[in-house]
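> This is the structure, below, for whatever I ask next.
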Amino acid sequence: MSKIQVMEADLANKIAAGEVVEKTMNVVKELVENAIDAQATIIKVELIDSGVKEIKVSDDGIGMDKEDSLLAFSRHATSKLKKLDDLFNINSLGFRGEALPSIASVSNVLLKTSDGKTGTIVSLKGGEVESVKSGDIKKGTTITVTDLFYNTPVRLKYLRSLYTELANISDYINKMALSYPNIKFILINNDKELLNTSGNGDLLKTISNIYGVVVASKMMYIENFNDDYKISGYISYPELTKSNRSSITLLINKRVVRNNEIVKTILESFHTYIPKDRYPYIVLNIEVDPFLVDVNVHPTKMEVKFSKINELINLIYDTISKKLSEKTLIPKAIKDNVEDNYYHDFKGITYEVNDNLYNFKEKENEEDSEKNSPKVEEIKFEFDNDINESKNLETSVEDERIKDMYPVGVVHGTYIICENDKGMFIIDQHAAAERINYEKYFHALSTHSKNTIDVLIPYKIELPSNEYLILEKNFDILDRLGFKYEEFGTNTIIIRSHPTWLPKFAPLEAIRKIIDIIVTNEDFDEDKFNEKVSITLACKMSIKAGDAITLPDMTYLIEELRKTKNPFTCPHGRPTIIAYTKYDLEKLFKRAM
Ligand code: ZN
Ligand code: ZN
């Protein structure tokens, strides 16, 4: 019996809207997904000029008989699904019976296919069958689409630059390869090979094929499940980030999807581990009963909704945060695998293509913005012992994460050099102090520590009236934080006592900062507010780059850093510590090869 069935008209109409083939990417997508549906184990995509001149997709799948190969180009025919309900079933990718005829109508198509018994060659021009011949019986299908849009100059105009088009295709094939590590994907443009995956079923190997060996060596496997969802995949060490979201691949039952809530959750779980506006590498496969997934969204956009989203979000958040918190994440100064340089040159295209797609501009880094911000006059080095002591119990496990090390000295008044039997470490004194103070403040804020200190001479703080009005509306925040205060005349508040955790050397400065955050903040979510206060105070009140520090202070700083929950990055996501292993040093001095 014929594998292709004519779609119910209703379904065809539901899907058809907006499905006009106007990008080479859509053509590649359709052909590749057909190949996957045909159970291919090798899919080769060869392009000339990003596909505008020619797109050739070959597979070793089940192929078609003569009847099917002709039916494939008639309107509303599809072998892939019969009812709209099937759209999200795991076994079927294609949903656009429309697409092949649409593609054929704006190009020249040569189809060579064989089901292993008979071989068929169909040639079409502008959608009309020109010839049908018999061909090779080697199982599989090769479709060559040439001169796409040749008869539609108007559409050609909509084609973005060849470069962008190639970037989209490359990104798409990468994601398909990540969804199907058991299929070998080859992508070639103008005789240049852009991707060639092993297809051996190993996801990490595929990650390595796509992003390079260095990236693959810094990925961590995660796996977890609850009643409704099972998640698995790889997340990168925080030191490895990318400037855009293309490094995040979400799969639902092996199908590439987009979902902002999930991406947000991933970024939240990486929060303070990586800098703002940077993205981790992640390949996350979510297995779920299709019943819980709502695809009543445009199919090509791959946006999905879940009926039990909170269960999923919690599962992802818990799994990633746990993984990040139990790993030693000190970046190594010397990268392993020197022989990968070749690989990177070779892969260069894919990287550039993806980065340029989003017009990435390097954001001014945190250090710059710190330098530009007004300096706090009182700069001291301070840690509050009482609060840290209470945390000692919970942090005994983390002590293992940064081994004992001893300061040797300081470079440029900023970088503390340390050593132990494993190697040499460089600690950024500001970043480290900032992490320690951040966790200290955050802990005090979120445990609603109510210990307060009365001030001898009350602080009088006067604000512009617009700011005072906002502060007045949010007096409850001051209450929550444990301040004792009164209103005093116009637009003025008097602080009589403040929480003990405020930096002792500059309480007024800290209070001003907090009030500043209250009057400029739009989001009064308690956690977010606490975090903002903690980061701001930590950054302003910690030892700065260039400030003098003594050896005992360094020792103390390292000890305190070891007690933190995440000793490896400052709350802005910059690294606090970098390692040169003993072996790295030996290699650098050619003592070891
Ligand atoms: Zn800072
Ligand atoms: Zn920082």
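> Which ones in region 545-593 are open to solvent by less than 30 Å² (accessible area, probe 1.4 Å), at negative phi and within 12 Å of ligand 2 (Cβ to nearest atom)?
The answer is THR569, CYS570, PRO571, THR576.
> I want to confirm something. Restricting to region 253-268 and keeping residues that are on the phi < 0 side of the Ramachandran plot and touching a residue at least 60 places away in the same chain (Cβ under 8 Å), which single residue is nearest to the chain's Cα centre (by Cα)?
Within region 253-268, the match that is nearest to the chain's Cα centre (by Cα) is VAL256.
> Would you point out which residue out of ILE493, ILE461, ILE470 is open to solvent by less than 60 Å² (accessible area, probe 1.4 Å), over 30 Å from ILE436 (Cα atoms) and not in a helix (DSSP H, G or I)?
Unique residue meeting the criteria: ILE493.
> Let me ask you something else. Report the residue count in region 479-501 for those that are among the aliphatic types (A, V, I, L, M) and free of Cβ contacts under 8 Å to residues at least 24 places away in the same chain.
Total meeting the criteria: 0.
> How many of the residues making up region 467-494 are among the β-branched types (Val, Ile, Thr) and farther than 18 Å from GLU522 by Cβ?
Residues meeting the conditions: 4.
> Next question, about the same structure. For region 442-454, indicate whether the set of residues that are open to solvent by less than 70 Å² (accessible area, probe 1.4 Å) and within 16 Å of ligand 2 (Cβ to nearest atom) is non-empty.
Yes, because at least one residue in region 442-454 is open to solvent by less than 70 Å² (accessible area, probe 1.4 Å) and within 16 Å of ligand 2 (Cβ to nearest atom).
> Take region 515-565 and flag every residue that is within 16 Å of ligand 1 (Cβ to nearest atom) and not in a helix (DSSP H, G or I).
SER542, ILE543, LYS544, ALA545, GLY546, ASP547, ILE549, THR564
> Within the set of pairs 6+ apart or on separate chains, which have a first residue in region 317-346 that is modelled with pLDDT under 90, a second that is open to solvent by 100 Å² or more (accessible area, probe 1.4 Å) and in a helix (DSSP H, G or I), and C-beta atoms under 9 Å apart?
The qualifying pairs are THR328/GLU400; ILE334/TYR583.
The values are calculated or read from the model by the stated rules, or taken from the named source; none is laboratory data. Note that the structure is predicted; figures quoted are calculated from it, not measured. In this analysis, Cβ positions are derived from the backbone assuming ideal geometry, glycine residues included, and neighbour counts consider all displayed protein chains. Note: areas computed on protein heavy atoms with side chains; ligands, DNA, RNA excluded. Shrake-Rupley method; radii C 1.70, N 1.55, O 1.52, S 1.80 Å.
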